[in-house]
Each structure stands twice: as C-alpha cells, then as structure tokens.
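What follows is one structure encoded as structure tokens, with my remarks underneath.
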Amino acid sequence: MSTAVANTTILSELQDKFGAGSIVPQETRDHIPTFWAPRDQIHDIVRHLKSGVPSPYKMLYDLTAIDERVRTHRDGEPGSDFTLIYHLLSFERNEYIRIKAALKSDDLHVKTITNVWPSANWYEREVWDMFGIVFDGHPHLARILMPRTWVGHPLRKDHPARATEMGPFRLPDQKQDEEQEALRFRPEEWGMKRSSEDTDFIFLNIGPQHPGTHGVLRIVLQLDGEEIVDCVPEIGFHHRGAEKMGERQSWHTYIPYTDRIDYLGGVMNNLAYLTAVEKLAGIEPPPRAQVIRVMLSELFRIISHLVWYGTFAQDVGQLSPVFYTFNDRERAFGIIEAICGARMHPNWFRIGGVAQDLPQGWDSMIRDFIKYLPPRLIEYDKEIMRNRIFKARTQGVGAYSAEECIEWGVTGPNLRACGFEWDFRKKQPYSVYDQFQFDIPTAQHGDCYDRAAVRVEEMRQSLRIIEQCVNNMPAGSYKSLQPLSAPPLKPDNTMHDIETLITHFLGVSWGPVIPPGEALGAIEATKGNNGYYLISDGSTVSYRTRIRTPSFPHMQTLPNLCRGLMVSDLLAILGSIDFVLADIDR
Amino acid sequence: MEIVIHIVTVLVVLFVVLNIAAGLIWVERRLLALWQDRYGPNRVGPLGLMQVAADTIKLFFKEDWVPPFADKGVFILAPAIVMLTVLMSFTVLPFAPGMQITDLNIGLLFVLAMSSLGVYSVVLGGWSSDNKYSLLGGLRAAAQMLGYEVFMGLALMGVVLMAGSFSLRAIVDAQSKMWFIVPQFVGFVLFLIAGAAEMRRLPFDIPEAESELVAGFHSEYSGMKFGMFFVGEYVGVVLISALISILFLGGWHGPLLPPIVWFLIKMFAFIAFFILLRAGLPRPRFDQLMSWGWKIMLPLALANLLVTGAIVLAVK
C-alpha cells in the first residue's frame with residue numbers, strides 16, 4: 001500500500017517544487033495519493049496541481065474539513081486540531097489527489113482558493129459554516145447551509161448533535177422577527193446594485209416555496225424587465241445534518257440515511273456509501289450481491305430519470321408527460337417493492353451484500369418492464385423531444401462548455417451533454433460495472449436540450465445493463481461471509497458455542513467495528529458523481545462522514561447559466577440540470 | 001310584451017352560458033384526465049358531475065379577502081370586468097334562427113371591442129395586486145393581447161368582406177351554401193390561434209404560467225373573486241368556440257338535426273379541441289410568442305385580407 005503512494009510521480013514532482021519536507025505522504029485505504037502540506041502553501045500547491053503539472057488536476061472535486069480533536073488513531077499523521085481536505089480530480093490521469101492541511105484551534109485561517117477555482121466558493125462557505133474555518137480573501141464568507149442566526153459550527157465535535165442535548169426550542173415574537181429579518185435579501189451584500197443608469201432593477205424572490213424549484217430552494221433574481229441580470233441561489237432549507245448524523249449512527253444503521261440524500265436515487269445512495277465502507281473493511285461482496293446491486297441501481301437510475309423527464313416537460317409548460325412518466329415509474333416501483341419491500345427508500349444494500357435474496361418471480365417482472373419501457377420512450381420522444389415548441393424553449397438555452405463544467409465541478413449527464421465522454425462506471429469501474437456492455441451517451445452543445453437528450457438515452461443504456469443482469473445473474477450467496485459484514489449471516493456453526501454466539505450478537509447489536517483509516521467511495525449516481533469520504537477511528541461509528549453530492553456544484557453554476565436570459569428560461573434550466581434539494585443540502 | 005320576451009331571452013342565455021361554462025370545468029378535468037391516464041373528479045354525484053357545485057359552494061364560503069397592500073378598488077373591479085365583457089359579447093351571438101338577444105349591425109366589431117376591454121381585467125388585476133409575480137403576469141398579458149388582438153381582428157376581415165356585413169346573423173346567412181372555413185381557411189387558422197391566445201389558454205397561458213409565475217396576474221386572488229377569473233376563462237372558451245362556429249362553420253347550418261343542435265355540436269367540438277391543446281403542448285417563451293405573432297401571424301393576416309379583397313372585387 002505504501003508503495004502505491006511512494007511510486008506516484010506526483011509526489012516527487014510536488015517535493016521538487018515545494019521542498020521534500022513540506023509534502024508528507026499518507027497511506028489510505030482507497031489508495032488515492034494523499035499528501036499533507038503546510039497551510040501557508042496550500043494555495044500555491046493547489047494552483048500548481050491545476051495548471052503547473054503535466055496532466056493537471058482540472059477539477060476541484062471536493063473541499064471539506066475534519067475536527068480531529070477527539071480522534072485517537074492518527075498513526076503517522078501530523079498533529080492538528082482541524083484538517084482541511086482538498087480532493088482534486090485529473091481526467092487525463094484518471095486519478096484523484098488528496099491534499100490535507102493541518103490547522104490549530106487558535107489559528108483557523110487559510111488562504112482562499114476561489115481565485116484558482118470559482119467553484120471553491122460554496123465549498124469554502126460550507127467549511128466555514130460547519131467548522132468555523134476562515135478563508136482569507138473569500139469574496140463572501142457567509143453561512144450557506146445553516147440559518148444566518150445560528151450560533152456555533154455544527155460539525156465541530158463539541159457542537160450538540162441532537163435536540164435533547166440542546167434547550168427546548170422556543171420562538172417568541174421577537175425572535176421570529178429577527179429570523180425573518182435575517183432572511184431579507186440585501187443586494188449590496190452580494191455586490192449587486194439596485195439600479196443602473198437607465199433602469200431600476202426588480203429583485204424577484206423565487207422560492208423557497210415555488211412550483212418551479214422542485215423543493216425548498218430560494219433563488220433571488222435581479223431583473224431588468226423580464227431579463228435576468230444576475231441571480232443568487234440560496235440553499236440550506238433542506239439541510240438535515242446528514243453528515244452530523246453519520247457520526248452517531250453505526251456503520252450499519254446509517255444506510256437508511258443515505259437513501260434520503262438523493263431521494264430519487266434510492267439504493268444508488270447505499271451503493272456509494274457502501275463502496276467506501278467496504279474499502280475500509282476490506283470486504284469484497286460475492287458476485288450475486290454485486291450484480292443485484294448493479295441491477296437495482298440502474299433501475300433506480302431509470303426511476304430518477306423518469307421523474308426528471310416528466311417534471312422537466314412540466315417546467316416548460318407541458319402538462320401531460322408527467323402523468324405518463326410517473327405511471328411508468330410506478331411500474332418500476334412495483335419491481336422495487338417486490339424485491340426490497342419498500343419503494344422510494346428501500347434501504348436494501350448491506351455491508352458485504354444486500355438484505356435478502358431475490359424473491360421468486362423477480363426475473364419475469366423485470367423482463368416485462370424491459371419490454372414495456374422502450375416503446376414508451378419512443379412515444380415520449382415524439383411528444384417531448386421532437387416537439388417544436390419544446391425545442392424552441394430548450395435549444396441554445398443555458399449552455400456551458402466542457403471546460404466550464406470541469407472548472408465548476410459538474411459531473412454526470414450535465415458534463416456528458418457538453419461532449420465530454422466521462423462516466424465513472426466506465427472510467428473507474430466500481431462494483432462489477434466493468435463486466436457490462438453499455439454505451440456512454442453524449443451530446444455536443446451542453447444546452448438544456450442536450451442535457452435532456454443524454455438522460456433519455458441513458459435510460460435505454462440502463463435497460464441494457466438490467467437485461468444483462470437478468471440474463472447472467474450469478475448463483476451463490478447474496479451476502480459476504482466475511483466477519484465485518486453486517487448484519488452477519490448465520491453460518492452453520494453460529495449457534496453452537498458461546499463464542500460464536502457472542503460474536504454474532506455483537507455483530508447484530510453494535511454492528512461491525514471498522515478498522516481505522518479513511519476511504520473515498522465515489523460512484524456515477526443518477527445526477528453525477530456521488531462520493532462518500534469516510535474516516536474510521538476504529539469504532540462502531542464513523543468519525544467523519546463527508547458526502548460529496550453532484551447537485552451541490554451543479555446548483556452553484558446556476559448564475560452563469562441564466563445571466564441575460566428570461567425568467568422562463570430559468571425554469572427550463574432548473575429543470576434541465578436535474579437536482580434534488582436533499583442532494584444539495586444533505 | 002316584447003320587453004318581457006327580451007328579458008326572458010337574456011336570462012335564458014345568461015343561465016345557459018353560465019351553466020355550460022361551469023359544466024366545462026367538469027368536462028375539461030375529465031377529458032384531461034382521460035388523456036393523461038388518470039380518473040379526474042369522479043366522486044361527487046354521478047360521474048363526479050356535482051364536483052363543480054361543490055367547488056362553487058366552497059368558493060362562496062371562502063373568506064372574501066383583499067390583501068392589505070393591494071389597491072382595493074381596482075382589485076375588486078378587475079374580476080368583474082372579465083365577467084362583464086365576456087358575457088356582453090354573448091348578446092350579439094346568433095345561436096339559431098330567432099335565438100339571439102340582439103342583432104347589431106356591427107355585431108362582430110362589438111365582440112372584438114369587448115374582448116379588447118377584457119384585457120383590462122388582467123392588466124388591472126395584475127397591477128393592483130402589488131405583487132411582483134402578478135405584475136409580470138399583467139405585463140405579459142398586456143404585451144400578448146396587443147400582439148394578438150391586431151391580427152385577430154384582421155383575420156376576421158376576410159369573412160366580413162365575403163359576407164358584406166358585420167352583423168353576425170348576416171354572416172351566418174351568407175354561409176348557407178358554403179362554410180367560410182373553405183375559402184377563408186387561413187383566416188380560420190389565424191383566428192383559432194388568436195382565440196386561444198385571447199383566452200390565455202395553454203400554450204398561450206404565459207400571463208399565468210403556473211410553473212414560472214405561480215398564477216401570474218391572479219396570484220393574490222382567492223374566494224369568489226378568483227372564481228370570477230376562473231369562470232370568466234371558461235365563458236371565454238365558450239365564446240371563442242361559438243364565434244368560430246358562427247364565423248367559419250356556418251353557425252346553425254346543417255342537415256337533418258335542428259339548428260341549435262348543430263350549433264352546439266360545432267361549439268363543443270372546438271371546446272374539446274382547446275382542451276386537447278392544453279393537454280398536448282408546452283408553453284413557448286414570452287418573447288418567442290410575441291415575435292411569432294408580429295412576424296408571422298400579422299403578415300399572414302394582412303396577405304389573407306389583401307387576397308380576399310382582390311377576389312371579392314374581381315367577382316363583383
């Protein structure tokens with residue numbers, strides 16, 4: 001494992017440039033090259049990695065932090081109270097890199113990298129919001145997920161996690177007034193003017209309750225007539241503290257929470273989480289479990305895309321398709337229900353496999369669906385994609401280029417709509433995706449229409465994968481017999497003596513104790529790259545659960561997409577980038 | 001005696017029109033449901049027919065609320081205008097021989113004038129609500145009406161030229177041999193589109209654009225004032241469908257069946273067509289709609305008028 005890090009050329013390149021003493025490698029379970037760097041040099045190192053090295057790391061994949069103050073297992077790591085973690089992604093190397101910076105409690109300052117990556121803006125705001133780490137030079141370091149009036153930084157270990165650890169909630173009139181006043185939009189804070197030389201701008205507040213925002217999202221538009229001059233997306237209304245909850249729930253009992261991150265993606269969220277957990281635990285699920293996982297994940301990709309398809313059509317004013325696609329989704333849910341016993345949030349994958357074996361008759365249900373859906377998709381093509389008004393509303397609207405996408409951390413169908421063929425299922429195969437045949441649909445213009453076209457084609461490709469799963473479902477166990485699988489299967493010898501009984505009892509009640517370490521598990525989720533970055537401190541719970549979701553960076557690009565367009569276009573763009581508010585706010 | 005007959009006619013027409021409009025709410029919901037693979041209202045009364053009655057009772061008993069920030073007088077006046085203007089148009093419509101409240105010799109102009117006045121309700125309603133969404137809706141409505149009123153009137157001038165009169169009765173009589181839809185097909189299509197725009201129905205519902213402006217000009221309205229906008233829209237659908245039947249499909253003309261039955265068949269066919277439009281089409285963007293209206297529809301209407309005029313002159 002250590003050779004994996006030592007052998008990477010990037011280490012020597014960095015050490016040559018910044019001095020051997022300042023770049024310290026660290027071993028990790030996921031074999032991503034990980035280096036500690038001095039805080040003061042972080043900005044330069046990151047900038048160098050983006051533009052100075054061959055095959056540069058073009059994408060800021062994630063930026064987060066850890067409160068290390070109560071961690072025990074830190075073998076070989078530099079001491080720190082807080083650690084900043086920058087995940088970068090190089091498409092040419094097809095490789096991540098992880099840069100860490102140690103911070104002390106009494107000096108939580110670091111130089112902003114928003115001038116290197118504009119997409120760092122929201123990430124840095126989130127780190128400030130959650131940990132209280134100040135990014136010097138950040139253009140607008142305000143809270144992003146928590147209310148402005150919040151006291152404290154929630155992901156610090158000394159911040160209470162449950163309502164019972166805090167006083168009872170009260171909302172007297174005066175406090176309510178203050179809270180409402182805090183929500184007032186002040187254009188000056190965002191560097192906006194209230195009027196130009198020849199016009200007074202309207203500031204139109206869209207949301208948090210609005211039929212076009214698909215959830216509790218607030219967008220403040222600066223309008224000149226109906227033309228959008230600028231806009232400020234305001235998120236956090238759907239924040240439920242999923243990352244904080246990860247620090248309390250056992251490795252096993254956190255799985256249901258993941259279902260609710262991208263709530264249209266169902267078990268696909270489980271897969272992202274378990275990919276990371278299984279890397280930490282060193283578990284390789286048996287082939288049958290893997291294929292079941294792929295099959296259900298792809299079914300959920302179709303389910304999610306069907307929701308998007310209908311609602312997108314509705315966003316541009318077409319009333320009917322949403323009923324058709326939801327009917328189709330209902331059929332898919334029939335299968336999910338038969339297999340998993342639940343519909344939107346099946347919570348069905350387990351550490352080391354899945355919850356149960358497939359029920360009798362599962363294959364005929366899926367075969368029926370595979371026959372049923374393609375003619376429907378052709379029908380929708382005629383009704384939606386080839387409709388001239390629909391084309392007029394979406395073609396050439398809200399376009400971005402592949403370079404912009406990478407700059408802003410956009411992944412998934414939105415990236416592929418720009419002509420950049422990048423699918424993590426193909427490029428960094430996880431689970432058993434390398435054993436399936438499917439194409440990666442792409443489009444050229446990166447506008448609303450192309451984003452839609454890519455998703456429509458993805459549904460067909462997902463059907464292909466599902467068909468291969470049905471035809472080649474391996475026999476064998478649906479869950480690994482390795483000791484850290486949870487809940488443990490009862491092998492033949494479990495209940496014979498007290499030792500195996502105790503082991504089994506602990507495995508069921510406390511859940512597994514995952515060995516210390518850290519791992520990133522990233523998958524191609526329905527909306528883009530969804531990654532779980534887990535830190536284990538050798539306990540029954542995760543020390544830090546970081547959820548990198550695709551919708552978060554996608555939403556941050558919104559102002560770039562809609563400047564100079566009309567209010568109607570904004571709704572088309574929102575529909576086309578396919579976000580889920582829970583996926584943004586977590 | 002004549003006065004009594006007049007009053008009775010007026011009341012009968014008012015009663016029938018309002019009931020058809022109310023019934024339309026049920027028809028539309030059931031038809032949309034049929035086309036969208038769902039049930040629609042089917043619980044209240046037989047086939048859900050009493051749903052409209054239940055909804056009306058609900059609207060009547062809702063608090064009659066005016067937002068404190070609204071311009072009160074105008075806010076209350078706006079929904080009344082829409083009902084008034086649409087209903088006034090019905091006074092000149094000939095439903096069947098002898099079934100007409102009054103046969104104005106400028107009947108068609110009167111209808112066009114009333115529909116133009118109807119715009120005020122939307123614009124004033126949007127403005128007096130003092131709500132940004134409503135304001136945008138009102139502005140869109142004003143722009144849309146300006147664009148579409150013009151060629152709506154022009155599209156009908158071909159019919160007027162051929163019939164030689166503005167009187168709707170004379171226009172129907174002129175179609176006893178051939179319906180105007182044949183020689184005036186362009187005018188028919190133009191009027192159909194302008195009619196949909198005039199009623200603010202999908203795909204021309206941009207003033208209320210639910211997914212963008214929430215409800216646009218009537219966001220702030222509730223209770224029966226909202227009900228007036230709502231019923232006004234359906235009376236508008238009846239009006240436009242009746243007008244198309246009268247102007248292009250020979251009104252009550254038709255074999256075997258009684259005249260009034262023919263008239264109703266034609267009218268309901270167009271009502272169903274407008275509902276189908278709503279089920280099928282997305283909504284174009286406001287500026288696309290405007291440029292389409294001014295750049296394509298208006299020149300077409302002018303060309304149609306020119307050609308018709310030349311032919312009429314030549315034949316005479």
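Remarks
- Applying the criterion of at least 2 residues that are in contact (Cβ under 8 Å) with a residue 12 or more places away in the chain, crowded, with 19+ Cβ neighbours inside 10 Å and within 14 Å of chain B (Cβ to nearest Cβ) to the helices (runs of 4 or more DSSP H) found wholly in the range A:222-328 leaves A:287-315.
- Of the residues contained in the range B:16-24, none is found to be aliphatic (A, V, I, L, M), assigned to a helix (DSSP H, G or I) and open to solvent by 80 Å² or more (accessible area, probe 1.4 Å).
- Of everything listed in (1) part of a loop (DSSP other than H, G, I, E, B); (2) over 23 Å from A:Ile32 (Cβ atoms), the single unmet condition for A:Leu574 is (1).
Here is a yes/no grid of residues against (1) modelled with pLDDT under 85; (2) under 24 Å from A:Arg393 (Cβ atoms); (3) within 14 Å of chain B (Cβ to nearest Cβ):
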site: A:Asp492; (1), (2), (3): yes, no, no
site: A:Glu524; (1), (2), (3): no, no, no
site: A:Arg544; (1), (2), (3): no, no, no
site: A:Arg548; (1), (2), (3): no, no, no
site: A:Met566; (1), (2), (3): no, yes, yes
site: A:Gly575; (1), (2), (3): no, yes, yes
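- On the stretch given as the range B:119-140, residues that are buried (at least 24 other Cβ atoms within 10 Å of the Cβ) and either within 14 Å of another protein chain (Cβ to nearest Cβ) or in contact with a His (Cβ under 9 Å, 6 or more places away or on another chain) (or both) total 10.
- Residue in the range B:27-43 that is farthest from A:Asn327 (Cα to Cα), counting only those that are open to solvent by less than 50 Å² (accessible area, probe 1.4 Å) and away from chain A (no Cβ under 12 Å): B:Val27
- Restricting attention to the range B:54-110 and to residues that are exposed (fewer than 15 other Cβ atoms within 10 Å of the Cβ) and aromatic (Phe, Trp, Tyr), the residue that is modelled with the lowest pLDDT turns out to be B:Trp65.
- Strands (runs of 3 or more DSSP E) wholly inside the range A:59-128 containing at least 1 residues that are open to solvent by 20 Å² or more (accessible area, probe 1.4 Å): A:95-103, A:109-111
- Search result, residues across the range B:270-292 that are within 14 Å of chain A (Cβ to nearest Cβ), assigned to a helix (DSSP H, G or I) and of a type outside the set (A, V, I, L, M): B:Phe274, B:Arg278, B:Gly280, B:Phe286, B:Asp287, B:Gln288, B:Ser291, B:Trp292
- A:Leu221 satisfies every condition listed in (1) at pLDDT 90 or above; (2) in contact with a Cys (Cβ under 9 Å, 6 or more places away or on another chain) except (1).
- Single unsatisfied condition, A:Arg367 versus (1) more than 23 Å from A:Gln395 (Cα to Cα); (2) touching a helix residue (DSSP H, G or I) at 6+ places or on another chain (Cβ under 9 Å); (3) within 14 Å of chain B (Cβ to nearest Cβ); (4) not aromatic (Phe, Trp, Tyr): (3)
- Looking across the range A:439-464, the residues that are in a loop (DSSP other than H, G, I, E, B), touching an Asp or Glu at 6+ places or on another chain (Cβ under 9 Å) and surrounded by fewer than 22 Cβ atoms within 10 Å (Cβ to Cβ) come down to A:Asp439, A:Ile440, A:Pro441, A:Thr442, A:Ala443, A:Gln444.
- Subset of the range B:255-269 [open to solvent by 40 Å² or more (accessible area, probe 1.4 Å) and either outside any loop (DSSP other than H, G, I, E, B) or without any contact (Cβ under 8 Å) to a residue 24 or more places away in the chain (or both)]: B:Pro255, B:Leu256, B:Leu257, B:Pro259, B:Ile260, B:Val261, B:Trp262, B:Leu264, B:Ile265, B:Phe268, B:Ala269
- A residue that is assigned to a strand (DSSP E or B), closer than 27 Å to A:Pro550 by Cβ and aliphatic (A, V, I, L, M) cannot be found anywhere in the range A:8-27.
- Listed by first and then second residue, the pairs linking a residue in the range A:388-403 that is more than 14 Å from chain B (Cβ to nearest Cβ) to a residue that is polar (S, T, N, Q) and surrounded by fewer than 18 Cβ atoms within 10 Å (Cβ to Cβ), with Cβ atoms under 8 Å apart and 6 or more places separating them unless they lie on different chains, are A:Tyr400/A:Asn560.
- Taken residue by residue, the range A:502-519 has at least one member that is without any contact (Cβ under 8 Å) to a residue 40 or more places away in the chain and assigned to a loop (DSSP other than H, G, I, E, B).
- Residue count for the range A:533-566, restricted to those that are without any contact (Cβ under 8 Å) to a residue 40 or more places away in the chain and either closer than 30 Å to A:Asp315 by Cα or under 17 Å from the mean Cα position of the chain (by Cα) (or both): 0.
- Residues that are in contact (Cβ under 8 Å) with a residue 12 or more places away in the chain and either away from chain A (no Cβ under 14 Å) or open to solvent by 10 Å² or more (accessible area, probe 1.4 Å) (or both), drawn from the range B:141-150: B:Ala142, B:Ala143, B:Met145, B:Gly147, B:Tyr148, B:Glu149, B:Val150
- A:Arg343 being open to solvent by 10 Å² or more (accessible area, probe 1.4 Å) and within 14 Å of chain B (Cβ to nearest Cβ): no
- Considered as a group, the residues in the range A:329-340 that are more than 15 Å from A:Val267 (Cβ to Cβ) and open to solvent by 30 Å² or more (accessible area, probe 1.4 Å) include one that is farthest from the chain's Cα centre (by Cα), and that residue is A:Arg331.
- Residue match in the range A:180-188 (condition: open to solvent by less than 60 Å² (accessible area, probe 1.4 Å), out of contact with any Leu (no Cβ under 6 Å at 6 or more places or on another chain), at negative phi and part of a helix (DSSP H, G or I)): yes
The values are calculated or read from the model by the stated rules, or taken from the named source; none is laboratory data. Predicted model, so just to flag it, every value in this text is computed and none were measured. Don't worry about glycine lacking a Cβ; one is built from the backbone with ideal geometry, like all the others, and counts go over all protein chains shown. Side chains included, ligands, DNA and RNA excluded: accessible areas come from the protein's heavy atoms. Shrake-Rupley method; radii C 1.70, N 1.55, O 1.52, S 1.80 Å.
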